[in-house]
1. Can you name every residue in the stretch 1-34 that is in contact with a strand residue (DSSP E or B) (Cβ under 8 Å, 6 or more places away or on another chain) and farther than 20 Å from L85 by Cβ?
2. Test of understanding: among D214, D276, D227, which residue is among the acidic types (D, E), within 23 Å of E349 (Cβ to Cβ) and in contact (Cβ under 8 Å) with a residue 24 or more places away in the chain?
3. Looking only at the stretch 1-16, filter to residues that are farther than 23 Å from M355 by Cα and in contact (Cβ under 8 Å) with a residue 40 or more places away in the chain; which one of those is surrounded by the most Cβ atoms within 10 Å (Cβ to Cβ)?
4. Any idea which residue in the stretch 25-42 is surrounded by the most Cβ atoms within 10 Å (Cβ to Cβ), counting only those that are part of a loop (DSSP other than H, G, I, E, B) and not hydrophobic (A, V, I, L, M, F, W, C)?
5. Please list, ordered by residue number, the helices (runs of 4 or more DSSP H) wholly in the stretch 57-119 having 3 or more residues that are assigned by TED's automatic domain parsing to the domain that holds E38 and in contact with a strand residue (DSSP E or B) (Cβ under 8 Å, 6 or more places away or on another chain).
6. Please go through (1) part of a helix (DSSP H, G or I); (2) touching a residue at least 24 places away in the same chain (Cβ under 8 Å) for S241 and return the number of the only condition it doesn't satisfy.
7. With the condition kept exactly as written, say whether any residue in the stretch 11-22 is aliphatic (A, V, I, L, M), touching a helix residue (DSSP H, G or I) at 6+ places or on another chain (Cβ under 6 Å) and outside the structural domain of E206 (by TED's automatic domain parsing).
Amino acid sequence: MKRKIYSKLLDWKRESNGSTALLIDGARRVGKSYVVEEFARREYRSRLIVDFSVANARLKRIFNDYLGDLDTFFLYLQRITGASLIPGDGIIVFDEVQKFPRAREAIKHLVKDGRFHYIETGSLISINRNVKDILIPSEERRIPMYPMDFEEFLWALGDEATFPLVENRFDALQPVGQPFHGQIMDSFRQYMVVGGMPQAVAEFAETRDLGRVDAIKRDILALYRGDMLKYGGALKQKALSVFNAIPSQLSRHEKRLSLSNIRPGAKMRDFETTFDWLESSMTVNVCRRAAEPNVGLELTADRAALKCYMADTGLLVSHAFGENELAAKRIHDRLLLDDMDINEGMIVENVVAQMLRAAGHALYFFSNTDRTNPANTMEIDFLLAKSKTDRRNNVSPVEVKSGRSYSTNSLVRYCSKYSRFVDKAFVLHPKDFGMRGDVALVPLYAAPLLVSRR
C-alpha cells in the first residue's frame with residue numbers, strides 16, 4: 001500500500017547519505033515492516049533484511065563475536081542470510097530490532113564504517129523497555145509511524161483524485177458541492193468504521209466484508225492487551241484498566257478522563273507514569289489541557305487534566321461495540337448510513353485526534369469553568385499552534401461537531417476573550433466548506449489540512 005512515510009524515507013536517504021541510521025517506531029501492525037521492505041527493494045541495488053523475531057542464535061552470535069572485525073562480520077552476515085550486498089548501494093534492515101537490543105547498539109559501529117545504509121523497525125512498547133545495559137546510538141534518527149490516514153485509505157481503495165480536490169477547496173474555503181461532498185463523507189464514514197490499520201484496510205479494499213475486517217481488528221486489540229501484560233511491568237494492570245475504559249470515558253458528554261470511574265479513589269499522580277507509558281506505546285493519543293491558550297502550549301499543560309483517545313478509530317469502534325458479531329454488524333451499518341443516534345460524537349472526535357496526530361500535531365484542549373460568569377465558561381476540543389510563531393495570533397481553536405445542527409457559543413466566547421492569541425478559528429463538521437462570520441467551517445475529512453496547509 002502507498003504510505004506517506006515513504007517520502008520521509010527518501011528524504012532521509014538523500015539528506016543523511018549513510019551518516020545516520022533510521023529507526024521507525026510505532027504501535028504493532030501499523031505497517032512498518034512492509035513499507036521498509038518496499039523501500040529497500042525499490043531504492044537500493046542490494047538489500048539484506050534481518051527479522052529478529054525469527055533470527056537464530058547463529059546469526060545473533062556474530063554481533064557479539066565480530067563487531068571488532070567488520071569485514072568478517074559482513075561476510076558471515078551475508079552467508080547466513082543468503083544476501084549479497086553492494087558497498088555504496090546496499091541497505092541492511094533490522095526488523096523487530098527490539099527483540100535483539102545488541103543489534104541496535106551495534107548501529108554506532110556500522111554507521112561509522114560507512115559501507116551500507118541502515119534502517120531499524122520496532123514496536124515502541126518494547127523498544128523503550130529493552131534498553132538495559134546497551135548504549136543507545138547517537139547516530140540513530142527516529143521517525144514515528146501511525147495508522148493510515150484518510151488520504152492513504154482512499155489510495156488503498158484506488159482513489160487518488162479525491163484528496164487533491166479537497167485540498168483545492170480548503171485553500172479557497174469554497175464548497176466541494178454535491179454530490180461530491182456526500183460521496184466523500186460516505187468514504188469517510190467507511191474510514192471511521194474500518195480505521196487505518198493496514199491489514200484491516202487491505203481486507204476491506206479486497207472484500208468489503210466488515211465482519212472479516214472486525215475480526216482482524218479484534219485480533220489486534222487482543223495483541224495490544226497481551227503486549228501490555230508482557231511489557232508493562234509494574235504498570236501493566238493500570239495500563240490495561242485505562243485502555244479498556246477508553247470507550248466508556250469518551251462516550252461521556254464531558255470527555256475528560258475521570259480516574260474515579262476507572263479505579264475508585266485513584267489520583268492522577270498515581271497514573272501519570274501509566275499515561276506516559278501508554279502514549280509512548282503509540283496505542284493511544286493523549287490530549288492534555290492547556291491552561292494558557294498561547295504559543296508554547298506544553299509550557300502550561302495540565303498533566304492532571306487529559307483526554308485519552310484510541311490511536312486508531314477503527315479499533316475504537318471494535319473496542320466499543322464488540323459485544324457480539326450481530327451487535328457489531330448493526331453498529332457498522334448505522335455508522336455507514338449516518339444513522340447513529342448515540343456515541344457518534346466520541347467516534348468523530350477520536351478520528352479527528354487521530355488525523356491531527358498523524359499530521360504531526362501534539363494534542364491539547366482548553367476548558368474553563370466559571371459559575372459566577374457564564375461568559376468565561378468554555379470548552380474547546382483542540383488547540384493548534386502555528387509552526388512559525390509571531391508576536392500575536394499563534395493558536396487556532398478547533399471545535400468538532402458530529403451533528404449537522406450545532407451551536408458555536410463556546411468558540412465565540414473563546415475568540416472574544418482570547419482574540420490576541422487566535423490565528424484562525426475552525427469548526428470541523430459533517431457539512432461542506434463554508435464560513436460563519438470569522439469562523440471557518442471545514443468538513444471532517446479535511447482535518448489534516450488544518451495543520452499542513454493553513
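The values are calculated or read from the model by the stated rules, or taken from the named source; none is laboratory data. All values derive from a computational prediction rather than experimental measurement. Counting neighbours? That spans all protein chains shown, and the Cβs are built from the backbone with ideal geometry, glycine included.
1. Within the stretch 1-34, I5, K8, L23, I24, D25, G26, A27, R28, K32 qualify.
2. Exactly one of D214, D276, D227 is among the acidic types (D, E), within 23 Å of E349 (Cβ to Cβ) and in contact (Cβ under 8 Å) with a residue 24 or more places away in the chain, namely D214.
3. Restricting to residues being farther than 23 Å from M355 by Cα and in contact (Cβ under 8 Å) with a residue 40 or more places away in the chain, the top hit is W12.
4. Of everything passing the filter in the stretch 25-42, G31 is surrounded by the most Cβ atoms within 10 Å (Cβ to Cβ).
5. Of the helices (runs of 4 or more DSSP H) lying wholly inside the stretch 57-119, those with at least 3 residues that are assigned by TED's automatic domain parsing to the domain that holds E38 and in contact with a strand residue (DSSP E or B) (Cβ under 8 Å, 6 or more places away or on another chain) span 70-81, 101-113.
6. Every listed condition holds for S241 apart from (2).
7. The answer is yes; a qualifying residue exists.
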